[in-house]
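The values are calculated or read from the model by the stated rules, or taken from the named source; none is laboratory data. Since the model is a prediction, treat every value here as computed from it, not as a measurement. Here the Cβ is made from the backbone with ideal geometry for all residues, glycine too, and neighbour counts use every protein chain on show.
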Amino acid sequence: MPETENRTTLTPDTPVQYLKGVGPKLAQRFEKLGIRTLADLLQHYPRRYLDFTHPYPPAEAPVGVECVVRAQLLAKQGGRYAAGGRRVEKATAGDDVATLELTWFNNPYTIQKLEIGQEYYFQGVVAGGLLRRQMVNPQVRTAAQVSAVPLIPVYPQTDGLNSGAIGRCVAQLLPHAELLGDPLPPALLQKYRLPSKAQAVRDIHTPATPQAAQEARRRLIFEELLVLQLGMGLLKNRGSASTGAPMRRADPAPFWASLPFAPTGAQRRAVDQILEDMAGPRSMNRLLQGDVGSGKTLVAAAALWAAVGAGYQGALLAPTELLAQQHAETLNRLLAPFGIRVALLTGGLKAAARRTTLAAIRAGEADLVVGTHAILSEGVEFARLGLAVIDEQHRFGVRQRGALAEKGASPHLLVMSATPIPRTLGLLIYGDLDISILDELPPGRTPVKTRVMGGARRRDLYGFLDREIGAGRQVYIVCPAIEEGPDGGLAPVKTYYEQTAKALLPDRRVGLMHGKLKPKEKAAVMEDFRAGRLDALVSTTVIEVGVDVPNATVMVIENAERYGLSALHQLRGRVGRGAAESWCFLVSDNTAPAVQNRLRFLCSTTDGFAVAQYDLETRGPGDFFGSRQHGLPTLQIADLAANTRPLHAAQSEAAAILSADPLLDQPQHRLLADQVARMFDRAGPMN
């Protein structure tokens, strides 16, 4: 076992369990935070600080806000036991103007250390009136402690491992911060006036001033974004190899002529861009981004038609069996007039059917293979794969794109996403892809009418649902949870199904779907709804992606404030797929102005790109990137939306570095290459 006190034995890859005071059990808790090695721990950055550098006198402390109050301890009371067995300790601090009443629960040790007449810094949330303030369970520090450590880091934490414990472990390592090495070339440090990596790591964990913390963050954000952009650039370079599927520029006129409707201008433009790429000397690497219902599948069908027409096979990867089956049906309908043979490959296939399908793919008898992750598995061999299409790109990691591409010799790649992202941000995030955008809806799509309402009107709403069902329509009802949350405020979907939906629609056929059902059970419920054997479907957000039921005309979203606007927009897109008037009801009892303004904004537009921009400006990127940022590596400190200036700079520098060293194999870029490998190794596939 290495001794962490002996610096010569420390490496960035030393397991965190060998750190003094950690051991195997605590190491398991660290692993929940993604911390396995000493390098991971040093790069587990604080999310904020408790700032003791600007204390308030008691009378001026803001009420209801976390702050620091500097006051003299005036009195201490003896401890007592309150109802429920909790021990209560009380003290009074203050100055010549006002007092601060202090209360601690089950913490006799803090008050024992305090001395009457001494001045202290109390950190917490202030309550009460102007002259008599209160603070419960404050953190207490002396002037000497504040002078030594003015800003206390607050870390992302987990059960059994709080921020203080993490900070103590980090403090042991800070003298060894040089272990990480500095991946940024000296020229970049000088150009952007950045501190060294070791200095930035020390200052992010134990800043002497707020300015030091800010400078450390600036350096570490730039480094992380540069590593991200280098990784994306390497992927693009890898994907832009000489194509293994050379073909002439196809004329899409025969495909358009086969349709019983006219494509939109946006669809025509996207297909032209794709066909131009596929006729080029390098493999296509393109993202097709379109709002809900914009017709991405039709564009993919045109591309697959062209690839098969040029003598190649096509593959389409979908995230669920349900969506794969739906795509297979749609593509078969669109491509059957050209004699194109479509095969379905999912994990649910029986052994005999799977063997037959695999043989057809291997022999080139299947022109187009539509499937789930099963397409990526061993034993799936294409005779001549020319075009790979990935639907719902955010459900797959960047590695899975490569795995599909490896099924052929540098095939063309088209990835599709129904989550709108503001264009300038999308160009930066998807640095390894060219982008086509579908910004028109096909004719005949009636915009969905959206309304906000409180839960008190639920009975009236269900009366409307009953009338819609009576007119032959179907409805979705979405709940945000399977089980009650810790606040007890969310009805679990099963309870809602039994006590609300079935009770208020007693004569209707109501189904239930949620993420804990087995895939076959989900498929059976969804098929019953698609076939019209269910009138209403109570569901969690598992119905968000790709489900197409033209007869569904109403979407009810309970606890709508729990979702980002982009998620609500995606759910709204499940209705309005036929010619009938369609509705989306956002049910929320949260009357906070910010919540109501967000929900009313969604009522004012059906433009997914406008929705995404609003979410970006008001709530940050999490609502439409999700925790895994659409299959990209998880970022430790950078924010793709808030840090656009360093993102632009990082993209420019990454392009310059890769222009001079396309594979990052020059000695001066070794540490950068290691960082890229480590970042993208952490980016597993999304589920």
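Please work out which residue is farthest from Gly128 (Cα to Cα), limiting yourself to the stretch 79-116 and to residues that are among the aliphatic types (A, V, I, L, M) and without any contact (Cβ under 8 Å) to a residue 24 or more places away in the chain. Ranking the candidates gives Ala83 first. Of (1) in contact with a strand residue (DSSP E or B) (Cβ under 9 Å, 6 or more places away or on another chain); (2) in a loop (DSSP other than H, G, I, E, B), Leu602 satisfies all except one. Which? (2) is the only condition that Leu602 fails.
For the structure I just gave you, tell me whether Leu413 is in a helix (DSSP H, G or I), surrounded by 17 or more Cβ atoms within 10 Å (Cβ to Cβ) and at pLDDT below 90.
Working: in a helix (DSSP H, G or I): no; surrounded by 17 or more Cβ atoms within 10 Å (Cβ to Cβ): yes; at pLDDT below 90: yes.
Spelling it out, it is not the case that Leu413 is in a helix (DSSP H, G or I), surrounded by 17 or more Cβ atoms within 10 Å (Cβ to Cβ) and at pLDDT below 90.
Could you please let me know if Val125 is assigned to a strand (DSSP E or B), in the same structural domain as Ala75 (by TED's automatic domain parsing) and out of contact with any Lys or Arg (no Cβ under 7 Å at 6 or more places or on another chain)? In short, yes.
For residues that are surrounded by fewer than 17 Cβ atoms within 10 Å (Cβ to Cβ) and within 17 Å of Asn332 (Cα to Cα), tally how many sit in the stretch 365-389.
Step one: list which residues in the stretch 365-389 are surrounded by fewer than 17 Cβ atoms within 10 Å (Cβ to Cβ), which gives 365, 377-379, 381, 383-384.
Retained after the next criterion (residues that are within 17 Å of Asn332 (Cα to Cα)): 365.
The total comes to 1.
Pairing residues of the stretch 146-167 that are more than 18 Å from Lys25 (Cβ to Cβ) with residues that are among the hydrophobic types (A, V, I, L, M, F, W, C), at Cβ distances under 6 Å and at least 6 apart in sequence or on separate chains, gives Val146/Phe52; Pro150/Phe52; Ile152/Leu50; Tyr155/Ile166; Ser163/Val154. A single member of Val595, Val538, Val556 is over 22 Å from Gly290 (Cα atoms), modelled with pLDDT of 85 or more, aliphatic (A, V, I, L, M) and part of a helix (DSSP H, G or I), and it is Val595.
Condition check ((1) modelled with pLDDT under 85; (2) part of a helix (DSSP H, G or I)) across all residues:
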residue: Ile361; (1), (2): no, yes
residue: Glu365; (1), (2): no, no
residue: Glu381; (1), (2): no, no
residue: Gln400; (1), (2): yes, yes
residue: Ala403; (1), (2): yes, yes
residue: Lys407; (1), (2): yes, no
residue: Leu427; (1), (2): yes, yes
residue: Ile435; (1), (2): yes, no
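For the stretch 289-338, name all the residues that are out of contact with any helix residue (DSSP H, G or I) (no Cβ under 7 Å at 6 or more places or on another chain), assigned to a helix (DSSP H, G or I) and surrounded by fewer than 24 Cβ atoms within 10 Å (Cβ to Cβ). Within the stretch 289-338, Val308, Gly309, Leu323, Gln325, Gln326, Ala328, Glu329, Asn332, Arg333, Ala336, Pro337 qualify.
The residue of the stretch 227-263 that is surrounded by the most Cβ atoms within 10 Å (Cβ to Cβ), among those that are modelled with pLDDT of 95 or more and assigned to a helix (DSSP H, G or I), is Phe255. Residues that are out of contact with any helix residue (DSSP H, G or I) (no Cβ under 7 Å at 6 or more places or on another chain) and on the phi > 0 side of the Ramachandran plot do not occur anywhere in the stretch 240-261.
Residues of the stretch 168-197 being in a loop (DSSP other than H, G, I, E, B), touching a residue at least 12 places away in the same chain (Cβ under 8 Å) and charged (D, E, K, R), which ones? It would help to see each step written out before you state the result.
Pass one, the stretch 168-197, residues in a loop (DSSP other than H, G, I, E, B): 181-185, 192-196.
Adding the requirement that they be touching a residue at least 12 places away in the same chain (Cβ under 8 Å) leaves 181-185, 192, 194-196.
Within the stretch 168-197, just Asp182 meets the criteria.
Just so you know, in the stretch 97-121 the residues that are part of a loop (DSSP other than H, G, I, E, B) and within 42 Å of the chain's Cα centre (by Cα) include one that is farthest from Val140 (Cα to Cα), and it is Asn106.
The residue that is farthest from Ala59 (Cα to Cα), counting only those in the stretch 117-136 that are surrounded by 14 or more Cβ atoms within 10 Å (Cβ to Cβ) and without any contact (Cβ under 8 Å) to a residue 40 or more places away in the chain, is Gln134.
Got a number for residues in the stretch 150-178 being of a type in the set (Val, Ile, Thr), surrounded by fewer than 17 Cβ atoms within 10 Å (Cβ to Cβ) and under 12 Å from Arg47 (Cβ atoms)?
Of the stretch 150-178, the ones of a type in the set (Val, Ile, Thr) are 152, 154, 158, 166, 170.
Then keep just the ones that are surrounded by fewer than 17 Cβ atoms within 10 Å (Cβ to Cβ); that gives 154, 158.
From what's left, under 12 Å from Arg47 (Cβ atoms): 154.
Number of matching residues: 1.
From the list Gln214, Gln229, which residue is without any contact (Cβ under 8 Å) to a residue 12 or more places away in the chain and under 30 Å from Gly181 (Cα atoms)? Explain how you work it out, then say what you get.
Numbers: Gln229 fails: without any contact (Cβ under 8 Å) to a residue 12 or more places away in the chain.
Criteria check complete, one pass: Gln214.
Looking at Ala560, is it crowded, with 24+ Cβ neighbours inside 10 Å, touching a residue at least 12 places away in the same chain (Cβ under 8 Å) and within 21 Å of Thr419 (Cα to Cα)? Spelling it out, Ala560 is indeed crowded, with 24+ Cβ neighbours inside 10 Å, touching a residue at least 12 places away in the same chain (Cβ under 8 Å) and within 21 Å of Thr419 (Cα to Cα). Regarding Ser294, is this residue under 28 Å from Arg574 (Cβ atoms) and of a type in the set (S, T, N, Q)? Against the criterion (under 28 Å from Arg574 (Cβ atoms) and of a type in the set (S, T, N, Q)), Ser294 qualifies. Among the residues of the stretch 517-538, is any touching a residue at least 60 places away in the same chain (Cβ under 8 Å), within 25 Å of Gly608 (Cα to Cα), over 19 Å from the mean Cα position of the chain (by Cα) and in the same structural domain as Ile477 (by TED's automatic domain parsing)? Checked the stretch 517-538: at least one residue is touching a residue at least 60 places away in the same chain (Cβ under 8 Å), within 25 Å of Gly608 (Cα to Cα), over 19 Å from the mean Cα position of the chain (by Cα) and in the same structural domain as Ile477 (by TED's automatic domain parsing).
What about Leu616, is it in a helix (DSSP H, G or I), under 24 Å from Val415 (Cβ atoms) and at pLDDT below 90?
yes
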